[in-house]
Each structure stands twice: as structure tokens, then as C-alpha cells.
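Input: a single structure, listed below in C-alpha cells.
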Amino acid sequence: MIKLVIGSQWGDEGKGKIVDLMAEKADFVVRFHGGNNAGHTVVVNGKKFPFHLIPSGILQKKPTVIIEAGTVIDPDVLLEEFDIFEKMGINLKKKLVISSRCHLIMPYHKELDQAYENARGKNKLGTTKRGIGPVYADKVSYNGIRIYELLNWPLFVEKFKFQAKIKNKILVAFGVAPIKVETYLPVFKKLAERVRPMVRDTFAIFQKAIKEKKYILFEGAHGVMLDNSFGLYPFVTASNVIEGGVNIGSGVPSKRIDEVWGIVKAYTSRVGGGPLPTELFDEIATGIRDRGYEYGTTTGRPRRVGWIDLPAVKFACQLSSINRIAITKIDILSGMPQIKACVGYKLNGKKIEFSQCGYLELEKLTPIYKTLPGWKEDISKRKSFKKLPKNCQKYIRFVEKYLDVTIKIVSVSPEREASILL
Ligand code: GDP
Ligand code: IMO
Ligand code: MG
């Protein structure tokens with residue numbers, strides 16, 4: 001059984017919570033793209049665990065967790081996560097596997113990310129400044145450095161020095177101080193020593209797992225609207241978020257995937273710049289942000305919020321053949337007299353499809369809303385769909401009907417247990 005969990009909006013849909021839940025019986029849980037621009041929060045018995053690189057499945061006893069080829073690794077962040085989980089008594093040498101194909105986020109990538117953002121001025125994209133764009137740019141232009149090179153120390157140092165020389169010229173042109181390779185060598189040396197026992201032939205692991213019909217769970221990062229090809233470029237991230245990203249990022253053919261789970265937040269949130277057609281700015285926005293604690297797990301930035309944008313989510317479902325949905329944070333809508341759902345768009349008085357829109361169109365269009373009645377009750381402890389207020393049930397069914405995909409999980413609080421299975 002192979003399952004994939006992906007974000008169907010602009011990220012932060014609650015993928016971490018759902019992956020943790022689904023990981024209980026998994027043999028493998030795999031991150032296959034993105035880096036520590038992702039922030040996935042899992043809450044177990046009131047304790048919060050923020051993840052950036054290590055797959056969220058690590059809190060469950062059974063699975064081996066894998067950081068696969070498409071993922072990019074910041075040494076400081078991975079070392080920090082090693083410490084956190086080792087302190088918790090998790091034997092990472094047994095539990096964690098890393099692909100030698102993963103690219104490394106080098107210090108100059110972070111400097112370049114920041115320098116480009118500064119240079120863009122008022123047109124900045126609002127990246128997480130974690131070096132994500134520059135590291136993937138180096139990957140596709142054959143200038144990347146991987147775990148593979150890191151494990152061959154003289155080769156790594158040679159490549160690092162060569163790249164730093166070039167990147168420093170660009171940094172100086174931006175008016176930024178050049179980086180000194182020597183300053184960073186100790187941390188890379190430490191990383192090399194710690195990852196060496198974890199690096200294995202993941203291709204062989206997956207081939208064997210597929211043959212033995214093991215349960216593999218892929219943990220997507222970000223959200224489809226941030227996909228590098230099909231998101232709202234340039235307000236996107238650098239990796240492929242969509243279903244096809246699994247093959248590219250892990251070597252497991254997408255046709256092997258049995259279930260594609262789209263995680264849909266009951267409203268919309270977004271960190272960073274770019275158009276957000278259903279964005280709210282009034283006290284409704286403040287209410288949702290405060291109740292939903294909509295602040296970035298990675299950067300702490302307040303997230304922009306809005307009503308659910310169903311045409312965008314439907315696009316994501318179709319693009320990634322999403323065949324199951326987990327709807328999250330529906331509890332945050334409790335207490336609102338009315339709830340709106342965007343069901344279409346108009347531009348210059350004419351209807352327009354999401355797929356026809358680039359960011360220029362999305363900035364100008366007017367959403368068409370369906371208004372649904374709200375509910376007052378706190379639902380965070382409800383254990384079954386039938387026990388949810390009627391209007392809450394109606395909202396969920398309305399979303400399901402519009403998307404034409406079965407909703408299988410309704411999440412009503414951050415806690416692992418607070419998940420109604422349908
Ligand atoms: P991810 O990036 O998709 O994993 O999502 P994040 O972890 O960045 O953001 C989702 C936030 O909502 C986290 O703080 C979760 O603990 C929390 N969360 C997840 N599901 C629910 C839910 O159903 N209700 C509430 N209130 N919070 C939730
Ligand atoms: P998770 O996995 C929300 C956004 C950034 C920015 C754009 C590009 O937690 O859902 P980048 O640093 O990737 O170059 O930034 O993408 N972004 C996310 N927003 N959740 C995420 O991940 C994100 N990953 C990237 O805010 O707008
Ligand atoms: Mg997140």
C-alpha cells in the first residue's frame with residue numbers, strides 16, 4: 001500500500017498532523033521534496049513537535065523514516081533535529097535513512113535568497129529565506145553539492161571552495177559580505193560523521209518494500225498552489241509539490257501510489273506574497289488567525305487568511321489525482337454566524353476558470369461566494385460526524401460535493417486523537 005499526503009492549498013493545511021495519524025501502521029514515512037521551508041506541527045498529549053526535515057512519522061513506533069533525493073538539507077537544521085529526537089530516546093541510526101542524492105543547502109544559498117529578496121524591494125516574494133530557491137537552482141544547473149560529495153571529504157571541500165568563489169562574486173555584487181568556507185567546514189564535518197551511518201541505497205529499500213507490499217507513506221510539504229510548475233509562479237516554492245513529485249523526488253513511480261490524500265484546511269491561509277483571491281482583512285480575519293493560531297511554524301510570520309477557495313482546491317485535486325480528503329481546522333470556524341465558500345471567479349464581468357489565471361488575473365478577479373449558515377458549538381471534542389452540529393455537517397458535505405472527492409477525515413483539533421474518521 002502506498003499513500004501520499006499533499007497540501008491542496010498554500011501550505012500549512014495540517015499535513016503533519018494527518019501524516020502522524022496515518023503513520024501508525026506505516027513501514028516507511030518519506031519526505032521527498034522541499035527543505036526546512038516546511039514546518040509541520042504534530043501535537044501528542046498536549047505536547048507540540050515542530051518538524052522541518054525529519055518526517056513527521058518519526059513519533060510513531062513502527063515506521064522507518066526516510067529523507068529522499070528530492071529533499072534539500074540544511075546542516076544546522078538537520079543536526080538540531082538529530083539532537084531533539086535523540087534526546088527523546090529515539091535511535092536515529094535505526095529509525096532514519098537518508099539518501100545520498102539529497103542536495104545540501106550551503107551558506108551562500110541562504111545569503112543569496114536574502115540578497116535577491118532585498119533587491120526585489122517592494123516586489124519581494126516573501127520567501128522563508130532558507131536558501132530554497134538558490135539550492136534548487138544550483139541542482140538543476142549542475143552546481144549543487146550533495147550528501148554524496150559530503151561523504152567524500154576532500155571532494156566536498158574542493159567543490160565547496162569552487163562554488164563559494166563564484167557565489168562570493170555575486171554576493172559582493174549585491175553588496176553582501178562574501179562567505180568564508182573555513183568558518184563552515186566544522187559543521188559540515190559534523191554532519192558528515194552523523195549522517196554516514198544513515199545513508200543507504202533507498203532505491204533498493206523501495207524496490208523490496210514494493211515487492212513485499214509494505215505500507216509506504218509519502219509526506220508532502222507545502223501546497224499545490226506553491227508548486228514550481230503549476231502554482232502561481234513566481235509566488236511559489238522551488239520544488240514539485242504535486243503527485244508527480246513523488247517519482248522525481250523518491251524514485252518510486254507515481255503509478256504505484258494507491259491513495260492520494262489531499263489535506264484541505266476549512267479556510268485558506270498563506271505565508272508570503274502573491275495574490276490570495278479570498279483574503280480577509282477585517283475582524284473575521286483576526287478572529288480566524290487568533291483562534292487558528294495562524295503564525296508560521298518556520299518563520300513565525302502571521303499567516304494571511306481567507307475563506308476557502310474551492311476552485312483552487314479543485315484544481316489541486318484534479319492536478320494530483322487526489323482521491324481522498326482530510327479536512328482540517330473546521331473547529332476554527334465555530335462561532336461564526338455565516339461562512340463563505342468561494343465557488344467561482346469573475347473577471348471583467350465574465351466567469352473565469354482557475355486554470356486560466358496567472359497571478360495578474362488572480363489579483364484582479366472577484367470571487368463568487370456561496371454563503372452557508374454557521375454553528376456556535378465548540379466541536380473540538382466531538383468524536384463522530386453525526387455528533388457535529390448540522391450546519392457543520394452541511395458545510396463539510398458542501399465542500400465534498402464541490403470537489404467531487406470523498407472526505408475521509410475531519411480534524412477538529414491539533415491533537416492526534418481529534419480526528420473523525422468517515
Ligand atoms: P503543515 O505544514 O501542513 O503540516 O501544517 P502546520 O503544522 O504548519 O500548520 C497547521 C497547524 O494547525 C498546526 O499548528 C497544527 O497543530 C494545527 N492543526 C492541525 N489540524 C488542526 C485542527 O483540526 N484544528 C486545529 N485547531 N488545529 C489543527
Ligand atoms: P509547509 O510544508 C507555507 C512559501 C513561502 C513563500 C514561498 C517561497 O509547512 O506547508 P521558499 O522559502 O520556499 O522559497 O518560499 O513559499 N512556503 C510555504 N508556505 N507552508 C509551507 O510549507 C511553505 N513552504 C514554502 O512562504 O511564500
Ligand atoms: Mg507548515
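FYI, it's all coordinate maths here, none of it is from the lab. Here the structure is a predicted model, which is why all the values come from computation and not from measurement. Heads up, the Cβs are rebuilt from the backbone with ideal geometry, glycines too, and the neighbour counts pull from every protein chain shown.
Using a cut-off of under 16 Å, list every residue of the stretch 257-278 whose amide N is near the label point 7 Å from the Cα of Asn123 along the Cα-to-beta-carbon line.
So the set is 273-275.
Tell me the label-point distance for the pair Lys394, Ser355, using the 7 Å Cα-to-Cβ offset, in nm and rounded to one decimal.
It works out to 3.2 nm between the two label points.
Label Glu86 and Thr371 with points 7 Å out from Cα along Cα→Cβ: what is the distance between them in nm?
For Glu86 paired with Thr371, the spin-label model returns 5.8 nm.
Which cross-chain or sequence-distant (5 or more) residues have an amide H under 5 Å from the amide H of Val199, H modelled 1.01 Å from N in plane?
Amide H neighbours of Val199: Ile98.
With θ set to phi - 60° and the Karplus curve 6.51 cos²θ - 1.76 cosθ + 1.60, what are the ³J(HN,Hα) couplings of the stretch 404-419 in order, to the nearest whole Hz, using x for Gly and Pro?
Going residue by residue, I get 6, 9, 5, 8, 10, 9, 10, 9, 10, 5, x, 5, 3, 6, 7, 9 Hz, with x marking Gly and Pro.
Using 0.36 nm times the number of residues separating Val44 and Ser380, minus their current alpha carbon distance, what extension gain do you get?
Contour length minus Cα-Cα distance gives 119.5 nm.
If amide H atoms are built 1.01 Å from N in the plane of the peptide, which residues on other chains or at least 5 residues away come under 5 Å of the amide H of Thr64?
Residues meeting the amide H criterion: Phe28, Val29.
Using each residue's phi in the stretch 289-301, evaluate 6.51 cos²θ - 1.76 cosθ + 1.60 at θ = phi - 60° and report the 3J(HN,Hα) Karplus result to the nearest Hz, with x for Gly and Pro.
Rounded to whole hertz, the list is 4, 6, 5, x, 6, 8, 10, x, 5, 8, 10, x, 5.
Taking 0.36 nm per residue of separation and subtracting the Cα-Cα distance, what length does fully extending Ser321 through Thr406 add? Could the numbers behind the result be given before it?
Working: separation 85, 0.36 × 85 = 30.60 nm, distance 1.23 nm.
Value of the extension gain: 29.4 nm.
Among DSSP beta bridges whose residues both lie in the chain, state the antiparallel percentage, nearest 5. All intermediate terms of the calculation are to be shown ahead of the outcome.
Working: 25 of 60 bridges.
Of the beta bridges lying entirely in the chain, close to 40 percent run antiparallel.
Return the sequence-ordered ³J(HN,Hα) values of the stretch 217-229 in whole Hz as given by the Karplus equation 6.51 cos²θ - 1.76 cosθ + 1.60 applied to θ = phi - 60°, using x for Gly and Pro.
Result, rounded to whole Hz: 10, 8, 9, x, 10, 6, x, 4, 5, 9, 4, 5, 9.
In what order do Tyr108, Tyr215 fall by count of nearby beta-carbon atoms within 10 Å, going from fewest to most? Walk me through the numbers on the way to the answer.
Numbers: Tyr108 26, Tyr215 18.
In increasing order of surrounding Cβ atoms, one gets Tyr215, Tyr108.
So if R0 is 30 Å, what FRET efficiency would Lys180 and Tyr295 give, r being the distance between their Cβ atoms, rounded to the nearest 0.05? Display every interim value, and only then the final one.
Values: r = 34 Å, r/R0 = 1.14.
The calculated FRET efficiency here is 0.30.
Expressed as an acute angle from 0 to 90° and rounded to the nearest 10, what is the orientation of the C-alpha long axis of helix 153-173 relative to the principal long axis of the chain?
The angle comes out near 70 degrees.
Expected output is a single nm value to one decimal: the length gained when fully extending between Lys93 and Tyr233, i.e. 0.36 nm times separation in residues minus the C-alpha distance. What is it? The partial results should precede the final answer.
Details: separation 140, 0.36 × 140 = 50.40 nm, distance 3.88 nm.
Contour length minus the Cα-Cα distance gives 46.5 nm.
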